[in-house]
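Laboratory data are not the source of any read-out in this text; all were calculated from the coordinates shown. What you are looking at is a predicted structure, and each value in this text was computed from that prediction instead of being measured. Counting neighbours? That spans all protein chains shown, and the Cβs are built from the backbone with ideal geometry, glycine included.
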Amino acid sequence: MATLHTPLFQRYRGNPILTAADWPYRVHTVFNAGATLLADGTTLLLCRAEDHRGHSHLCAARSANGIDGWHIDPQPTMLPEPEHWPEELWGIEDPRITFVPELGQYAVVYTSYAQGGPGVSLALTSDFRSFERYGVVMQPEDKDAALLPHRIGGNWALVHRPVGSFGAHIWISYSPDLRHWGSHKPILQARRGAWWDANKIGLSPPPIETAAGWLMIYHGVRTTPGGCLYRLGLALFDRDSPERCLLRGDSWVFGPEAPYECLGDVGHVVFPCGLTIAPDGDTLHMYYGGADSCIALATASIRALLEWLYTNGTTCE
Ligand code: BMA
């Protein structure tokens, strides 16, 4: 029986690291930030900022150590542009960042939200100041998406979470050009019944490429009479065929416990969209939204996460 509440992730003592009170302009909340390391080692967070209409935009915060001393853009970094991109009418949310060496650019994959529901949009940037939008790459209802950093068998690969009568499971799709997507395959299913990840699952940060395969931190949602609980679990996918799930943990590895994770606009939510890996190649900094109201940091060892999966994981059906 796997251990619950393992100390695989350590919360930073100074959490939350960023809140609306830190913002140089008026916002209601900041949460669910994408993350990356820039070439000079600076940590960049692309934060979801919600205004007082309830609409979100993205704002960059930069820090030398990824912990404190954040320099936040004085104005929104990426605003919805519904005049050109109608799918962004109600905002842009939950970015995941992937550096793509072949393009020499960062891919930002985010949720665009309008009357049709949430969909997945993609933009490329080299500086997080200007963005080349590709528009909707997965039509509604779909979200929780990230691009893998290199082609797989000649095609780009996008992990995402469509929702339909078939459920809310994690899928992968492929494209020759980042615009035309196909070969859609479900890769990880929400469980049913009395499981922590019974009702919906979705990719959290972009999958981590390791020698053992793609390590995925995913969120699982359990609907309860008191509301939804968002927790995190682990799964491992084949490095050459990322649609092949190798192992999945039965228990969650991180869940809402701290006050800033339990109290806020949406309580009992931990929701990471980004992580960075330290120069040691093992220590990851996971940035997550707490209760849809702040940005917090937890650290973990990739080696320890993999060891945990080997010990506690079960093979995927
Ligand atoms: C999900 C997403 C996240 C949010 C979470 C909890 O569906 O919309 O942005 O953090 O719900 O409210």
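If I model a spin label as a point 7 Å beyond the Cα along the Cα-Cβ vector, how far apart are those points for ASP127 and ASP280 in nm?
Once both label points are built, they end up 3.5 nm from each other.
Which residue fluctuates the most in the chain, going by a Gaussian network model with Cα springs under 10 Å, if the choices are ASN32, ASN199, ASN65?
In the Gaussian network model the winner is ASN65.
Could you give log10 I(q)/I(0) at q = 0.13, 0.16, 0.21 Å⁻¹ for the range 138-287, computed by the Debye formula over C-alpha point scatterers of equal weight, without solvent?
-0.60, -0.90, -1.42
If contacts are Cα pairs under 8 angstrom and at least 6 residues apart, what is the relative contact order of the chain in percent? Display every interim value, and only then the final one.
Values: 893 pairs, mean separation 53.3, N = 317.
Computed over the chain, the figure is 17 percent.
Please identify the longest segment of the chain free of exposed trypsin sites (Lys or Arg not before Pro), where exposed means a DSSP state other than H, G, I, E or B and no more than 10 other Cβ atoms within 10 Å. Don't jump to the answer; show the numbers that get you there.
Values: sites that count: ARG13, ARG26, ARG53, ARG129, ARG192.
Longest run free of exposed loop sites: 193-317.
State, as an integer percentage, the relative contact order of the range 85-179 based on alpha-carbon contacts under 8 Å between residues 6 or more apart.
Values: 226 pairs, mean separation 19.7, N = 95.
Rounded, it is 21 percent for the range 85-179.
With label points built 7 Å along Cα→Cβ from the Cα atoms of ARG239 and SER165, find their separation and express it in nm.
Inter-label distance under the simple model: 4.2 nm.
Given an 8 Å cut-off on Cα distances and at least 6 residues of separation, report the relative contact order of the range 201-317 as a percent. Could the numbers behind the result be given before it?
Numbers: 269 pairs, mean separation 25.0, N = 117.
Relative CO of the range 201-317 lands at 21 percent.
Kindly state, to the nearest 0.05, the FRET efficiency for THR42 paired with SER183, given R0 = 45 Å and r defined as their beta-carbon distance.
Values: r = 36 Å, r/R0 = 0.80.
With a Förster radius of 45 Å, E is 0.80.
Can you give the Rg to Rh ratio of the range 1-140, both from alpha-carbon atoms, with Rh computed by the Kirkwood formula?
On the way: Rg = 16.0 Å, Rh = 16.0 Å.
Radius of gyration over Kirkwood radius for the range 1-140 works out to 1.00.
Working from the pairwise distances between different alpha carbons, so that the mean of 1/r is found and then inverted, what is the range 13-315's Kirkwood radius in Å? Don't skip to the end; give the middle numbers.
Values: mean 1/r = 0.0525 Å⁻¹.
Taking every pair of different Cα atoms in the range 13-315, averaging 1/r and inverting gives 19.0 Å.
Report, in deg cm²/dmol and to the nearest 500, the calculated mean residue ellipticity at 222 nm for the chain, where each DSSP H run with n ≥ 4 adds -39500 (n - 2.57) and the sum is divided by the residue count.
So the helix-based figure for the chain works out to -1000 deg cm²/dmol.
Grab the Cα-Cα distance for TYR12 and THR210, subtract it from 0.36 nm times how many residues apart they are, and report the gain in nm with one decimal. Intermediate values should be presented prior to the final figure.
Values: separation 198, 0.36 × 198 = 71.28 nm, distance 2.45 nm.
In short, 68.8 nm is gained.
Specify the residue with the greatest mean-square fluctuation among LEU215, LEU38, LEU275, computed from a Gaussian network of the chain linking alpha-carbon atoms under 10 Å apart.
LEU38
Calculate, for GLU81 and ARG26, the FRET efficiency according to 1/(1 + (r/R0)^6) with r their C-beta to C-beta distance and R0 25 Å; round to the nearest 0.05. Display every interim value, and only then the final one.
Numbers: r = 21 Å, r/R0 = 0.82.
Once rounded, the FRET efficiency stands at 0.75.
Build a GNM of the chain with springs between Cα atoms under 10 Å: which of ILE201, ILE67, ILE97 gets the top mean-square fluctuation?
ILE67
For the chain, give me every cysteine whose Cβ has no other Cys Cβ within less than 4.7 Å, ordered by residue number.
Taking the Cβ cut-off of 4.7 Å, the unpaired cysteines of the chain are CYS47, CYS59, CYS228, CYS262, CYS273, CYS294.
So how long is each side of the range 86-187 along the principal axes, counting just the alpha-carbon atoms, biggest first, in Å?
For the range 86-187, the Cα spread along each principal axis is 38, 32, 19 Å.
Using r as the Cβ-Cβ distance of HIS71 and GLU141, and R0 as 30 Å, what FRET efficiency do you calculate, to the nearest 0.05?
Values: r = 36 Å, r/R0 = 1.19.
So, using R0 = 30 Å, E works out to roughly 0.25.
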